[in-house]
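Chemist: There's a structure below that I have some questions on.
The values are calculated or read from the model by the stated rules, or taken from the named source; none is laboratory data. The structure displayed is predicted, hence computed values, not measured ones. Counting neighbours? That spans all protein chains shown, and the Cβs are built from the backbone with ideal geometry, glycine included.
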Amino acid sequence: MSSPIRISAFNPGPYTGDGNNTWLIDGEWPTLIDAGTGVTDHVAAIEATLQSRPLARVIVTHGHSDHASGVPALRAKWPAIEVFKFRLDGEEAWSPMQDGQIIRAGNRDLTAIHTPGHAPDHMSLWDEARREAYTGDMVIRPGTVLIPAGRGGNLREYLQSLERLAALDALRLFPGHGPTIEDPRRVIDEYIAHRRAREAEILECMAAGVTGVDAIVARLYPGLKPELIKAATMTVQAHVDKINGF
C-alpha cells in the first residue's frame, strides 16, 4: 500500500502555520482526510494528483473552519462525494461517523476514534494494518494544540483522548498541521507532561493570589505577541475549568 499524499490546503496563518495538511489516500475509493477551506489551488492540486479520477470520499476530523469549510468547494467539483463527520446536535449535512465505525478509504479500512477535547466532534482515524493514525488537531509539531475554552474545548477530555491515542502504539501520525510525527509515543508523553507542568504553574499562581485568567496569562506569558493573547487566554481558561472540575 502506498503512503498517503499530503496536499496543502493553501491557507497559511498564525494558527495554521504553513497551511493545513489534507491527506489523500488513493485507491478504489480515493479519500481525502480533511477538507481545507475551499481555496482554488487546493482543489486544483487534488484534481492534478488524482489525474482526472473523481474524489470519492472526504473524512472531516472536526468542524473547525480550517478543516471543514472547504466541503462546498469539493462538492462543487465532485458532486458525488460522500462526506463523513461526527455529527453534533442539529447537524444533518454529513454522513454520520461514530466511534468504532469502519470507513473504507482508498484500499484501506480506517477505524474512527472519538478524540474530543480540542473540539467536541474531533475524530481520529486509525489504520490498524499500517499502525498509522490521522489525528487532525490532536498533536502537532512544532508547538502545542489550542484547547479553546468557551468554544467547545475541554482539557480533561483532551488529556483522556491523548491517553487513548497513546494506547494505539502507532508507528506514525499524520496531523492536520506540520510534519508527519514519526515518534508518536514520545511526542504524546511530552504533550501530557507539558499540560501537567502548566497546571502546576497555574496552581502556583492561584496560591499566590493571582486568580483572574487575564492576570495568570500576563504572569505566565510575558511579552506574548498581541495576536496570540486570545489563544493563551482560552488555554489558561481550559486549565482553570479542569482545576474546578469541569
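Chemist: Among the listed residues Asp137, Asp169, which satisfies the condition of being under 16 Å from Lys85 (Cα atoms) and out of contact with any Phe, Trp or Tyr (no Cβ under 8 Å at 6 or more places or on another chain)?
Modeler: Asp137
Chemist: Next question. State all residues of the stretch 119-174 that are outside any strand (DSSP E or B) and in contact with a Leu (Cβ under 7 Å, 6 or more places away or on another chain); if no residue qualifies, say none.
Modeler: Pro120, Asp121, Arg131, Met138, Val139, Ile147 - these are the residues of the stretch 119-174 that are outside any strand (DSSP E or B) and in contact with a Leu (Cβ under 7 Å, 6 or more places away or on another chain).
Chemist: Of the residues that make up the stretch 81-98, is at least one surrounded by 18 or more Cβ atoms within 10 Å (Cβ to Cβ), in a loop (DSSP other than H, G, I, E, B), in contact with a His (Cβ under 8 Å, 6 or more places away or on another chain) and not hydroxyl-bearing (Ser, Thr, Tyr)?
Modeler: Yes, the stretch 81-98 contains at least one residue that is surrounded by 18 or more Cβ atoms within 10 Å (Cβ to Cβ), in a loop (DSSP other than H, G, I, E, B), in contact with a His (Cβ under 8 Å, 6 or more places away or on another chain) and not hydroxyl-bearing (Ser, Thr, Tyr).
Chemist: Another question about this same structure. Determine, yes or no, whether Gly27 is assigned to a loop (DSSP other than H, G, I, E, B), touching a strand residue (DSSP E or B) at 6+ places or on another chain (Cβ under 9 Å) and either over 16 Å from Trp94 (Cα atoms) or among the basic types (Lys, Arg) (or both).
Modeler: yes
Chemist: Of everything in the stretch 216-245 that's part of a loop (DSSP other than H, G, I, E, B) and surrounded by 13 or more Cβ atoms within 10 Å (Cβ to Cβ), which residue is modelled with the highest pLDDT?
Modeler: First pass over the stretch 216-245, keeping only residues part of a loop (DSSP other than H, G, I, E, B): 221-225, 244-245.
From what's left, surrounded by 13 or more Cβ atoms within 10 Å (Cβ to Cβ): 221, 224.
Values: Tyr221: 93, Leu224: 89.
Looking at the filtered set, the residue picked out is Tyr221.
Chemist: Also: Need pairs with beta-carbon distance below 6 Å; first residue in contact (Cβ under 8 Å) with a residue 60 or more places away in the chain and farther than 26 Å from Leu24 by Cβ and within the stretch 180-193, second crowded, with 20+ Cβ neighbours inside 10 Å and aliphatic (A, V, I, L, M); sequence gap 6+ or separate chains.
Modeler: No pair meets every condition.
Chemist: Could you say which residue among Gly27, Gly38, Gly117, Gly63 is touching a residue at least 60 places away in the same chain (Cβ under 8 Å) and surrounded by 14 or more Cβ atoms within 10 Å (Cβ to Cβ)? Step through it out loud before you land on a result.
Modeler: On the way: Gly38 fails: touching a residue at least 60 places away in the same chain (Cβ under 8 Å); Gly117 fails: touching a residue at least 60 places away in the same chain (Cβ under 8 Å); Gly63 fails: touching a residue at least 60 places away in the same chain (Cβ under 8 Å).
Unique residue meeting the criteria: Gly27.
Chemist: Could you list all residues from the stretch 154-186 that are surrounded by fewer than 17 Cβ atoms within 10 Å (Cβ to Cβ) and of a type in the set (Val, Ile, Thr)?
Modeler: Once the filter is applied, which keeps residues that are surrounded by fewer than 17 Cβ atoms within 10 Å (Cβ to Cβ) and of a type in the set (Val, Ile, Thr), the stretch 154-186 yields only Thr180.
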